[in-house]
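The structure appears right after this line, and notes come after that.
A short reminder: the numbers here are calculations on the coordinates, not readings from a lab. Note that the coordinates shown come from a computational prediction; the quantities given were computed from them, not determined experimentally. With ideal geometry, Cβ positions are generated from the backbone for all residues, glycine too; neighbour counts draw on all protein chains shown.
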Amino acid sequence: MIIDTHCHFDMMPQPEAYIRQREQAGDIVIGMTNKSSHFQMGQPHLQGYKHVRLALGLHPLLAAESKREVTLFKRLVDQTSYIGEIGLDFSKEGIITKDEQIAVLRELLSAIRGKKKIVSVHSRKAEKELLALLGEYEIENVIFHWYSGPIDLIPSILAQGYYFSVNEAMCESKNGRAIIEKIPRERVLTETDAPYNERTNIRAVLDYIKMSESDVLQNFRDLISRLKV
């Protein structure tokens, strides 16, 4: 059983065929959305699936585009236990909208505060700021997706009880490997970030981190169990 806690199957050429294939294989797949309206369109197609879920998201690089997406996020937030992809992006691509991103993220975090959710976050070049906001709004059950930030921040992320999702690209980069080395195996989940990431072999990830499918499944179950407390 493959566990993919962060992909974007709604952006694939044939999403319905993909999710049918994953469901039949018994894989657990959490599909992220880049806009609230994408979740609204896609959710009806997931009815009846046991292993495949769709998350409600608003990507930071798109967060400043439409107030309607924020309003829609708030309206749809109780329709799923999964939130993502949300967060901050202060890279060259995103730094121009830094203030707008923070304002939007505050609204999203306010909408999920106190709710039982699993939250997959984007944190590129904004890891410290994002962690501070997650703490301010007391957000639990967070997965740092494709983390590439400071290694010395990892203990603070772990102290919040958060997880990291690891993909094949991380296993093949020097910085990614250094990050993986610092993550306790009980806080590791797997992801592909397909189709945006071309290196999507989760079994290669398992081989590199020396974990089994059952190990990752147990970590995922431990995270899921928090929703029932």
- Filter result (closer than 16 Å to Leu109 by Cα, in contact with a strand residue (DSSP E or B) (Cβ under 9 Å, 6 or more places away or on another chain) and in a loop (DSSP other than H, G, I, E, B)) within region 41-65: Ala55, Gly57, Leu58, His59, Pro60, Ala63
- Query: How many residues, within region 87-140, are among the β-branched types (Val, Ile, Thr), within 16 Å of the chain's Cα centre (by Cα) and closer than 20 Å to Lys35 by Cβ?
  - Reply: 4
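Conditions (1) over 17 Å from the mean Cα position of the chain (by Cα); (2) crowded, with 19+ Cβ neighbours inside 10 Å, marked per residue:
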| site | (1), (2) |
| --- | --- |
| Glu181 | yes, no |
| Pro184 | yes, no |
| Leu189 | no, yes |
| Pro195 | no, no |
| Thr200 | no, no |
| Tyr208 | yes, no |
| Ser214 | yes, no |
| Asp222 | no, no |
| Leu227 | no, no |
- Task: Test Ile83 against the criterion of being more than 30 Å from Leu217 (Cα to Cα) and β-branched (Val, Ile, Thr), and give yes or no.
- Result: no
- If we scan region 19-28, do we find a residue that is within 17 Å of Phe144 (Cα to Cα) and in contact (Cβ under 8 Å) with a residue 24 or more places away in the chain? no
- Message: What's the number of the only condition in (1) within 20 Å of Leu134 (Cβ to Cβ); (2) more than 18 Å from the chain's Cα centre (by Cα); (3) in contact (Cβ under 8 Å) with a residue 24 or more places away in the chain that Ala159 fails to meet?
- Response: (3)
- Query: Out of region 90-134, which residues are farther than 28 Å from Thr190 by Cβ, surrounded by fewer than 13 Cβ atoms within 10 Å (Cβ to Cβ) and either in contact (Cβ under 8 Å) with a residue 60 or more places away in the chain or of a type in the set (Gly, Ala, Ser) (or both)?
  - Reply: Ser110, Gly114
